[in-house]
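The values are calculated or read from the model by the stated rules, or taken from the named source; none is laboratory data. Here the structure is a predicted model, which is why all the values come from computation and not from measurement. With ideal geometry, Cβ positions are generated from the backbone for all residues, glycine too; neighbour counts draw on all protein chains shown.
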Ligand code: GLN
């Protein structure tokens, strides 16, 4: 039977991806691969690897093949029902955590939670926070609920379209959302990882601003006086999102740059 030392150089994947897939197939830590590269690999494991390798070569994202992605230092399960958490979204989490720092038992709402990465990370960073997370997709909510349970985050989940998921009269200190913001005509939707991610989490089927218009227009009914609404948005959407917020009466409207220097998060106070 072939050993890893013989099998690994033959892979058509970048070395780090090949290693991650072998770790996943064999359910071993990375150090094992190095220490035991002379151990025979069963035909079943070889077969499992070949299948994952060909899916990866066809463009399927690593996170879906492995079933998880790291975000804010936590491991989030993902499935093709949810958007894969992105590093730039950590900025929205960090902003929300700052905003609620001095509020006792702050009430936080995450609209369109997907994997739950934002809501769960906020709840873990501030265990006093009362975090509610919504999604229209039941499949996504299942993934998010699983993540909250496994990571020990007290998040309340509700199914429905944006504010419709909420019980009447519920108000929050901070609302956050990373809604679908890619314009329908953006060619990126047919490229790379995005081809495999749920369209409903990526595009509004419109100009990319439909979700912002909707969420901004409903915000006053769901925010305490002085409460904040913060969004993640696309690389060129900061001016449009800020204008929507200002037109709706938000103050202290500002945009924040992500680690790549792109204005990625915008929000303000009501
Ligand atoms: N950040 C994602 C991307 O551009 C889009 C996510 C979204 O629409 N919220 O790949």
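Observations on the structure shown:
- Sole residue being at positive phi and free of Cβ contacts under 8 Å to residues at least 60 places away in the same chain, chosen from 218, 261, 227: 261
- Positions within segment 106-118 being in a loop (DSSP other than H, G, I, E, B) and within 14 Å of residue 230 (Cβ to Cβ), in sequence order: 106, 112
- Residue 49 out of contact with any strand residue (DSSP E or B) (no Cβ under 8 Å at 6 or more places or on another chain), farther than 30 Å from residue 123 by Cα and part of a helix (DSSP H, G or I): yes
- Segment 170-198 - residue that is under 23 Å from residue 123 (Cβ atoms) and more than 11 Å from the ligand (Cβ to nearest atom) and, of those, modelled with the lowest pLDDT: 170
- Residue within segment 59-69 that is within 16 Å of the ligand (Cβ to nearest atom) and on the phi > 0 side of the Ramachandran plot present: yes
- Screening the candidates 191, 247 for the property of being surrounded by fewer than 21 Cβ atoms within 10 Å (Cβ to Cβ) and either over 18 Å from residue 267 (Cβ atoms) or within 17 Å of the chain's Cα centre (by Cα) (or both) yields one hit, 191.
- Of all residues making up segment 73-93, the number that are out of contact with any strand residue (DSSP E or B) (no Cβ under 9 Å at 6 or more places or on another chain) and away from the ligand (no atom under 16 Å from the Cβ): 3
- Residues satisfying the criterion are present in segment 64-87 (criterion: touching a residue at least 60 places away in the same chain (Cβ under 8 Å), part of a helix (DSSP H, G or I) and within 30 Å of residue 222 (Cβ to Cβ)).
- Residues in segment 222-240 that are buried (at least 18 other Cβ atoms within 10 Å of the Cβ) and either in a strand (DSSP E or B) or more than 16 Å from the ligand (Cβ to nearest atom) (or both): 222, 223, 227, 228, 229, 230, 231, 232.
- Tally, over segment 207-217, of residues that are more than 25 Å from residue 64 (Cβ to Cβ) and part of a helix (DSSP H, G or I): 7
- Any chance residue 154 is more than 16 Å from the ligand (Cβ to nearest atom) and buried (at least 18 other Cβ atoms within 10 Å of the Cβ): no
- Residue within segment 97-105 that is in a helix (DSSP H, G or I), buried (at least 22 other Cβ atoms within 10 Å of the Cβ) and away from the ligand (no atom under 16 Å from the Cβ) present: no
- Filter result (touching a strand residue (DSSP E or B) at 6+ places or on another chain (Cβ under 7 Å) and more than 15 Å from residue 118 (Cβ to Cβ)) within segment 166-182: 166, 171, 173, 182
- Yes/no for residue 111 being crowded, with 19+ Cβ neighbours inside 10 Å and out of contact with any helix residue (DSSP H, G or I) (no Cβ under 6 Å at 6 or more places or on another chain): no
- Selection within segment 256-267 - buried (at least 19 other Cβ atoms within 10 Å of the Cβ) and in contact with a helix residue (DSSP H, G or I) (Cβ under 6 Å, 6 or more places away or on another chain): 263, 264, 265, 266
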